[in-house]
Amino acid sequence: MVVLLVHPDRPAAEVARELDLTHANASYHLRVLHDAGELVVESEEKIRGGTAKRYRYVVGGNPERPAGPPDVEDLIAWQVATNAEVVRRLAQRVAGPTSSSDIETWVTPEVWQRAVDSIREAMILLHEEARPPRTEGTIHVSASSQAFVMDDPS
């Protein structure tokens, strides 16, 4: 659902059609994502006596999200959901440029900062250049990242 809202903003009705959901189901999940700070309401329009909100995902989350680090339990829940989504996407994988990597290691703080900056730059590029589904001249891609400093177990 969030993927559809990278570019452009959309109302629940469009999200529901694209994902073959009921309008009520799409509206509910969009409100939950908005309340969690993952989406912003880009605009509102009057439609048939009601108000249709147009939601959009903002790279890095809603800037109006309450400050403070998320709970570890929330981060773990997010990762579990992300992992399930990556597994779903892998079933649609086709030949083409790819990258896959995993590492747990020790590096200097300077190297770590360079790596995090590079990952962030790549993800921002993909988010900013995202186009609506099936736009002519585009390819369907998937990218996920997690990078964090770990506690020293000793």
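Bear in mind these aren't lab numbers, they're just calculated from the coordinates by the rules spelled out. All values derive from a computational prediction rather than experimental measurement. Glycine also receives a Cβ, built like all others from the backbone with ideal geometry; neighbour counts cover every protein chain displayed.
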Give me the dipole magnitude in Debye, nearest 20, for segment 1-90 about the Cα centre, with unit charges on the beta carbon: positive for Lys and Arg, negative for Asp and Glu. 340
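So what is the calculated 222 nm ellipticity per residue for the chain, using -39500 (n - 2.57) for each DSSP H run with n of 4 or more, over all residues, to the nearest 500 deg cm²/dmol?
Working: 4 runs with 60 residues, N = 154.
Taking each H run of at least 4 residues, the total per residue is -13000 deg cm²/dmol.
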Which chymotrypsin sites (Phe, Trp or Tyr not before Pro) from segment 86-148 combine a DSSP loop assignment with at most 12 other Cβ atoms within 10 Å? Trp106, Phe148
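Quick check: net charge around Arg10, other residues with Cβ under 11 Å of its Cβ, Lys/Arg +1 and Asp/Glu -1? Before the final figure, lay out the partial values.
On the way: positive: Arg17, Lys53, Arg54, Arg56; negative: Asp9, Glu14, Glu18, Glu42.
Net of charged neighbours comes to 0.
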Roughly what would the spin-label model give for Leu19 and Asp102, points 7 Å off Cα along C-beta, in nm? 2.7
Can you pull the one-decimal nm distance between simple spin-label points at Ile76 and Ser154, each 7 Å off the Cα toward Cβ? 2.6
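Rounded to the nearest 20 Debye, what is the dipole magnitude of the chain about its Cα centre when Lys and Arg each give +1 and Asp and Glu each give -1 at the C-beta? Walk me through the intermediate numbers first.
Working: 16 positive and 24 negative charges, 171 e Å.
For the chain, the charge dipole is close to 820 debye.
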Projected onto the charge dipole of the chain (unit charges on the beta-carbon of Lys, Arg, Asp and Glu, signs +1, +1, -1, -1), the Cα from Trp106, Leu4, Val72 with the largest positive-side position is that of Leu4
For a Förster distance of 30 Å, can you work out the FRET efficiency between the beta-carbons of Glu44 and Ser118, rounded to the nearest 0.05? 0.20
Separation of alpha-carbon centers, segment 1-59 and segment 113-154, rounded to whole Å: 22
Exposed loop sites here are GluC sites (Glu not before Pro) in DSSP loop states with at most 12 other C-beta atoms within 10 Å. What is the longest stretch of the chain lacking them? 1-63
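What's the Cα-based Rg to Rh of segment 22-154, Rh via Kirkwood? Let's see the in-between values first.
Numbers: Rg = 18.2 Å, Rh = 18.2 Å.
Rg/Rh: 1.00.
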Contact order normalised by length for the chain, with contacts defined as Cα pairs under 8 Å and 6 or more residues apart; what percent is it? 24
Spacing of the two label points (7 Å from each Cα toward its C-beta) at Glu110 and Glu128, in nm: 2.7
